[in-house]
Amino acid sequence: MGAADNAAAPPRGDVPQRGRGGGEPEAKEREVKVVVVDEPPGAPVARLQAQRPLAPLQVTTQAPPPPMSVASGGVEPPPQVATFQPVMQTPPQVAFASLNSRVYTNGITLCVFLVHLAAATFAVGFFVFRAVKDIVQHPRSRNAQRERSLLREWLPPVEGAVALSIVLAFAWQKAVRAWPRAMVGVILWSSFGITLAVGAMLMCFSMPATVGLGVAMVMFSIGTGLYACWVTRRVGFTARVFERAVQPVDKFRGLNGPAYLMVAAGFVWISVWCVAVIGAANYRFPGLTILGLVLSLMWTAEVMRNVANLTASRVIALYYLRGMQSSVQFSFQRALSYNLGSACLGSLFVPTIEALRIVARGLNLLEGEDEFMFSCAHCCLHVMNAIFEFGNSWAFVHIAAYGRGFVQASRSTWEQFERLQGMPALVDSDITSSVCFLTGVTSGALCVALAGSWTFATHKHYTATVSLLAFFVGYLMTRIGMALPQACVGCYYVCFAENPTSRLFDPTIPERLHKMQEGADPLVPTPRFPQQHPGAA
């Protein structure tokens, strides 16, 4: 063997001997290359690398050409065109959005809400102090006697309605999670029956104020019954979506904790707020003052509901999109800090948008051949379409997952829906928000039945006021409790649109989209997508 061959020979003891005698020179040469790269420094490899420096270790798609011995007079062939893939080269990947954004979203709205909350806290404290001061320091004054009468005759039925609303909020959420398929139909028809019965009860009290409230509830119950008949064909699909959407809740211990915590905070705030209303009733401009307290309570309760919504949305969305087991406590902290501004802005936009949707659908049913109703329906529809792209309830999923602002999240979620054929019409025909709304209405009617009958049996002249406030409180508390199932359904739709090939989703949505493409879908039309009507397909 020549000098080059001796230099290329591996050190003894480092290369396992596969055979004696003539062996396989090419296999030995390949073993030499592997051993040379892995050889620790200071060994004879340094001399080898000085004679022929070796390139860094590479993983190739084909075997390297056999080594040529210089002593044998061989000539190296020209380098072959091959696709070598270095180990350290990172393949191109799709850039994922950050999941831990530390930017406070919608900061202006957040500042406005915090200022409002500070002012509301001061006002509530001032009116509570004023009521207590009048009763303690001037017990025989006219204001003190009236406030004492309100505390004794007006406050207990209202507090009883607040306590009942907490029980109903927990009961509705538990029932929806336990029997999701059955509860959709139960909510639709129980809302019709209970509001009709309570409206009739108020009319039987035979007082002008209670008769007016009873007529309003009866009219609402009739509209609820017509709506339940109109969406009968959608109930089955909505029930299946509910069933699939709430399944991940059992994987995360304490996921319903933030909703319960917000309900408890709402109970404390409403209890103190009721005492403040008594003090405001004997202050200057009582009508405007109480109206301001009512609007403040509505916004605060909506923010509480959306905080619970954002917490659940982050946990469920990261499970669908990344397969992550997120911390409920960490998600709750983000909802109360970085994403609180978006919750505040969404609390102003979403109820307005939902009200416009209800009005547009009602006018769409009634327009017929009437030119006035036709113009009203289309005007409301155009306004709703203009607002819907920049603000919708689906935005809370992207707010929670990616830390986006409310408007940006609304546009990004709707753009994802538009990428899938038929998905915008499917989500527009979803009745989840209507089901949760009617759940709050049903709880409010039950609170009216309790507080109204209690007050009528003790102090008749307060019946209408107590009934109205009981309905308001029962509705708000139940909507906070129903934030969890509504967030689960929102994540189910939005995350499917973002990753429709995920194995975490069943064929429920794809099958419905396929039926829609064939013109055999029973869930639509809606005012925004009338072309999906089965008869017009």
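Scanning the stretch 393-435 for residues that are of a type in the set (S, T, N, Q) and either part of a helix (DSSP H, G or I) or open to solvent by 20 Å² or more (accessible area, probe 1.4 Å) (or both) turns up SER393, GLN408, SER410, SER412, THR413, GLN416, GLN421, THR432, SER433, SER434. Within the bounds of the stretch 371-385, is there any residue that is free of Cβ contacts under 8 Å to residues at least 24 places away in the same chain and closer than 21 Å to PHE496 by Cβ? Among the residues of the stretch 371-385, not one is free of Cβ contacts under 8 Å to residues at least 24 places away in the same chain and closer than 21 Å to PHE496 by Cβ, which makes the answer no. Being surrounded by fewer than 22 Cβ atoms within 10 Å (Cβ to Cβ), closer than 18 Å to VAL448 by Cα, modelled with pLDDT of 90 or more and in contact with a Cys (Cβ under 9 Å, 6 or more places away or on another chain) narrows it down to one residue among LEU164, LEU155, LEU196; which is it? After ruling out the rest, the residue left standing is LEU164. Answer with yes or no whether PHE390 is open to solvent by less than 10 Å² (accessible area, probe 1.4 Å), more than 23 Å from TRP189 (Cβ to Cβ) and either under 15 Å from the mean Cα position of the chain (by Cα) or at pLDDT 75 or above (or both). Taking the combined requirement at face value, the residue does not satisfy it. In summary, helices (runs of 4 or more DSSP H) completely within the stretch 138-215 and bearing 3 or more residues that are under 26 Å from the mean Cα position of the chain (by Cα) and farther than 22 Å from ARG234 by Cα occur at 155-178.
Against the numbered list (1) open to solvent by less than 30 Å² (accessible area, probe 1.4 Å); (2) within 30 Å of TRP230 (Cα to Cα), GLU354 comes up short only at (1). Hey, could you check the stretch 324-339 for residues that are polar (S, T, N, Q) and not in a helix (DSSP H, G or I) and say which is surrounded by the fewest Cβ atoms within 10 Å (Cβ to Cβ)? Among them, the one singled out is GLN325.
A count restricted to the stretch 139-181 and to residues that are of a type in the set (Gly, Ala, Ser) and in contact with an Asp or Glu (Cβ under 9 Å, 6 or more places away or on another chain) stands at 2. Residue pairs whose Cβ atoms lie under 9 Å apart, separated by 6 or more positions or on different chains, with the first residue in the stretch 173-186 and of a type in the set (D, E, K, R) and the second open to solvent by 70 Å² or more (accessible area, probe 1.4 Å), are ARG177/ASP250; ARG181/ARG240.
The values are calculated or read from the model by the stated rules, or taken from the named source; none is laboratory data. Only a predicted model underlies this, so the values are computations on that prediction, with no experimental measurement involved. No Cβ is skipped: glycine too gets one built from the backbone with ideal geometry, and neighbour counts run over all protein chains shown. Accessible surface areas use protein heavy atoms only, side chains included; no ligands, DNA or RNA. Shrake-Rupley method; radii C 1.70, N 1.55, O 1.52, S 1.80 Å.
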